[in-house]
Amino acid sequence: TSGEALSGNLQAKTFSVLPQAKLWNLYGPTEAAIDVSFWECLPEDLTQPPPIGHPIWNTQLYILDDGLSPVPLGVIGELYIAGIGLARGYLGRTGLTAERFIANPFSLNGERMYRTGDLARRRGDGAIQYLGRADDQVKIRGFRIELGEIEAALLQAVQGLAQTVVITRQVNNEQRIVAYLVMQAENPVPDLQAIRIALGRTLPEYMVPSYFIEITSLPLTPNGKLDRRALPEPTRDTNEKQYIAPTSHHELTLCRLFAELTGNDRVGIEDDFFVIGGDSISAIRLVSRARASGILFSVRDIFKYKSPQGLATICQDADSVEEGPVWVEDGAFTALPIYQHYLNK
């Protein structure tokens, strides 16, 4: 198989239909004579997405950072290809050729390597795992995120998931991660909270999608590629939790502030600040507005407790806390130890 990424579910289905056949996963772009790596798929891998494997003869595969240095084992980088299979370049497009076919810093003979634009990482057994396109990288709440890594985690975490695609959408004027799920016919979509918990075991909190949308099939363009524009947009009602009204003064104040800062009409006491539209910047604003309303907590508390109900259990009344000065506008102050170290050098 080649041309498109082989999913774990398609791998499992192939072995169920053709149990005596061998299945090889091949990878490679046209600029490098089509296929540059290979991997023999194993029936015992079940629905785990297969890696793209190891380089073929006379081919070198590098996973590099932005400075063209090799990344450590297990760390995501961009995949580069070197070897005798590289094309000369793009016909009549010298600028693009110079951009994509660059000098190979690991060669002493002036050879070139091709920048694929694909993200990958090397597993403990040395096999390379494909993780999607580098231009699919996005920034959410200040973190750089590879959407392909979320897709791979979903395929491993969700039982009966046939296909998935993860993109970003503007929801309430904020960029949010949206996961589209195509389930196998006999498998319903699991409880969404269970999906979030399962993803939380392998992904950091900021990489867990804000929205999960079930669709019957992925929309395709006439040439068989994914038609991202045809994917349904999430709304405020998508994956919305059951509304639970505030009962205490603190919960009432926090629900009001959550709604103001995220652009929602109504916020319940169990709503997650970051799921409904909050981010690290609006978290700082939340602390400030809460203080003005007589409630004290920190930004770290928001990341830990996340909901009005959670914050209400740990916040304090401003009148009950004695606070010292936050900064000194003028006058002498004692140098901190690190500052004294530099002064004494």
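The values are calculated or read from the model by the stated rules, or taken from the named source; none is laboratory data. Since this is a predicted model, take the numbers as computed values, not measurements. Don't worry about glycine lacking a Cβ; one is built from the backbone with ideal geometry, like all the others, and counts go over all protein chains shown. The area values use the complete protein model at the heavy-atom level, side chains included, leaving out ligands, DNA and RNA. Shrake-Rupley method; radii C 1.70, N 1.55, O 1.52, S 1.80 Å.
Annotations for the structure displayed:
- GNM result for the chain, Cα springs below 10 Å: residue of G95, G117, G77 fluctuating most strongly: G95
- Sites E99 and D45, calculated FRET efficiency, Cβ-Cβ separation with R0 45 Å, nearest 0.05: 0.75
- Taking every alpha-carbon pair within region 1-149, the share separated by more than 26 Å comes to 29 percent.
- Taking a point 7 Å out from the Cα of Y206 in the direction of its Cβ, the residues of region 143-180 whose backbone N falls within less than 12 Å of it are 143-146.
- Ordering W24, W39 by accessible surface, largest first, gives W24, W39; the 1.4 Å probe counts only protein heavy atoms, with every chain in place.
- Cβ-Cβ FRET estimate between S280 and Q184, R0 fixed at 41 Å, reported to 0.05: 0.65
- Sequence-distant residues sharing a close amide H with Y90 (under 5 Å, placed H): T97
- Residue with peak Gaussian network fluctuation, the chain [Cα springs, cutoff 10 Å], from T14, T116, T164: T14
- Cβ-defined net charge surrounding L86, 12 Å radius [Lys, Arg +1; Asp, Glu -1]: +2
- Using a probe radius of 1.4 angstrom, the carbon and sulfur fraction of the accessible surface of region 180-269 is 51%.
- Taking a ≥ b ≥ c as the square roots of the eigenvalues of the alpha carbon gyration tensor, region 54-99 is oblate, as a/c is not under 1.5 and a/b does not beat b/c.
- Within the chain: Cβ-based charge dipole about Cα centre, in debye rounded to nearest 20 (Lys, Arg +1; Asp, Glu -1): 760
- Residues whose amide H comes within less than 5 Å of that of I140, counting only those at least five positions distant or on another chain, are I145 (H built at 1.01 Å from N in the peptide plane).
- One decimal place: the segment S69-D125 gains 18.1 nm when fully extended, by the rule 0.36 nm per residue minus the C-alpha distance.
- Sorting H341, H250, H54 by accessible area puts them as H341, H54, H250; the probe is 1.4 Å, largest comes first, and only protein heavy atoms count.
- Build a GNM of the chain with springs between Cα atoms under 10 Å apart, and of S248, S288, S298 the one that fluctuates most is S248.
- Across the chain, Cα-Cα pairs farther apart than 37 Å form 37% of the total.
- Residues with amide H under 5 Å from that of G132, placed H, sequence gap 5 or more: L119
- Region 171-320: Cα Rg divided by the 2.2 N^0.38 Å rule of thumb: 1.21
- Calculated [222 nm] ellipticity per residue, helices only, for the chain: -7000 deg cm²/dmol; basis is -39500 (n - 2.57) per DSSP H run with n ≥ 4, divided by all residues, nearest 500.
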